[in-house]
Amino acid sequence: IQYPFHLGDQSSVINNDYIRTVDVYTGTYPVRFGNSTGGVISIEGPRQVKKSSSHINVSLFKSDVYHETPLFGGMGYLVGTARQSYANYQDGQFKLGFTPWRGHEFTFIYFGARDILDYARSVAEIAADGDDGGPLGGFGGGNTNDPLSADSDTRPPVGLDRGFHTQGFSYAFSYGGFMRNTLLLQTSRFTEDFELDFRSPLTGETVFGYEVLDSRREFQIRDELNYEVIKKHMVLNLGVEHNDFRWELGLRNFSPSSSVNPNTPDFVDVVTELVETNPTFRALLDGDSTTFVQDAAFAELEIDWWRFRFTPGVRGEWFSLSNSTGVGPRGGVEFNIPEADTVLLAGAGRHFNVPTGLNQVSEEAGNPFLEMEESDHLAGGFEQKLGKLWLIKLELFRNFFTNVVVEDPYKVIALSPRTN
């Protein structure tokens, strides 16, 4: 999932009805999770459907529909949900599961979301002009930001169109009840189109306008093996994964305006100054892109003995741009007190994450030799069941971060001397 919440954190990009379980890891987390130093939200969707069910919700602000049904005489199932906010967002999730033979399970998934923030022109104005707004759905254009116009619009002169699409396929093979192997392939694309139409507050003339297009394509192939070494007491988890990333960032559709008014800055002068003093803007103007690979392997034991549960493990990761590697041992322990429905928890681990922005790792605007960020986690707490419906979890954690990427405030002009 390329981003977890819609604009303004007003709603999750996943419909609540699709969610089967949610685990929030803020301290340490299992070795199957990587490329994260802060925390992980792990969401599991439906795994089976026994009977058909549908519902539709309609409100003043949004509507959504959910449908699930068994397929192929009970050998498969389909789950689909879609949601539309009348103001600015939409999302959907679809999952098809199929088990044609015992021990063979195929799953196809689709996740998608889109957010539109249209402050430059209103829908009524677009309709009145007979203009569909182009590929950005009406971002910018017109004279609605002209303070001298009768149709003046006082909203900020910006627009945003952001979305992602993720498709995935998995094949799981089980044998004898003690071994399970899962192969996963998924691809995801994120795009964000931001537009600015900046005008002189004195004359209403366009000083400059542009669009920033941020595009990210990611592909992952992953294989995980779960093997029961000692029945009911020890399980071995092994896995490998390969991740391909391609990030692109650039400016387009400049809209300069020449003016004889001394109160309106000259567009060319503004751009020239930014190019000379701001490497990020220079990279945007030229069009910036980079590709890199992240590979990982992990191993973990799940040991159940008496009232204890131990999960020692290790995860190794490699980042292609800087050829840096990281090895993170992780471990957790749980102590179950069934008489009180209480579980005591403790854990520790080391985690790694590649730099999170193109401006950090690109050759033109950043530093492609940056190593992975690193964090050491310590956590402890407890879980308490309250009847059959409620579970309370309290956790205290401490995360210590190193190799954190920061911007050098002294490197603002290309080829300038480093005096600090």
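Values quoted throughout were computed directly from the atomic coordinates according to the rules given, and no laboratory measurement underlies them. All values reported here derive from a predicted model rather than from experimental measurement. Positions of Cβ are backbone-derived with ideal geometry, glycine not excepted, and every protein chain shown enters the neighbour counts.
With θ taken as phi - 60° and the coefficients 6.51, -1.76 and 1.60, list the Karplus ³J(HN,Hα) couplings across region 96-104 in order, rounded to whole Hz; mark glycine and proline as x.
10, x, 8, 10, x, 9, 4, x, 10
Which peptide among 47-59, 234-246 comes first, and what is the full order, when sorted by highest mean count of other Cβ atoms within 10 Å?
Working: 47-59: 10.9, 234-246: 16.9.
Ranked from most to least packed, the peptides come out as 234-246, 47-59.
Convert each backbone phi in region 284-292 into a coupling constant with the Karplus relation 6.51 cos²θ - 1.76 cosθ + 1.60 (shift: θ = phi - 60°), then list the ³J(HN,Hα) values in order as whole Hz, x for Gly and Pro.
3J(HN,Hα) across region 284-292, in whole Hz: 4, 4, 6, x, 10, 7, 7, 10, 7.
Can you list, bin by bin at 10 Å, the percent of alpha carbon pairs in region 1-106, starting at 0?
Percent of Cα pairs in each bin: 12, 35, 32, 19, 2.
Taking θ as phi - 60°, what are the ³J(HN,Hα) couplings along region 308-323 by the Karplus curve (6.51, -1.76, 1.60), each to the nearest whole Hz, with x for Gly and Pro?
3J(HN,Hα) across region 308-323, in whole Hz: 9, 9, 10, 9, x, x, 8, 9, x, 9, 9, 10, 6, 4, 9, 6.
State to the nearest 20 debye the size of the charge dipole of region 17-107 about its Cα centre, where the only charges are +1 on K and R beta carbons and -1 on D and E beta carbons. Could you put the intermediate results ahead of the total?
Working: 9 positive and 7 negative charges, 43 e Å.
My answer is approximately 200 debye.
Largest first and to the nearest Å, give the Cα extent of region 273-420 along each principal axis.
Cα spread of region 273-420 along its principal axes, largest to smallest: 70, 30, 29 Å.
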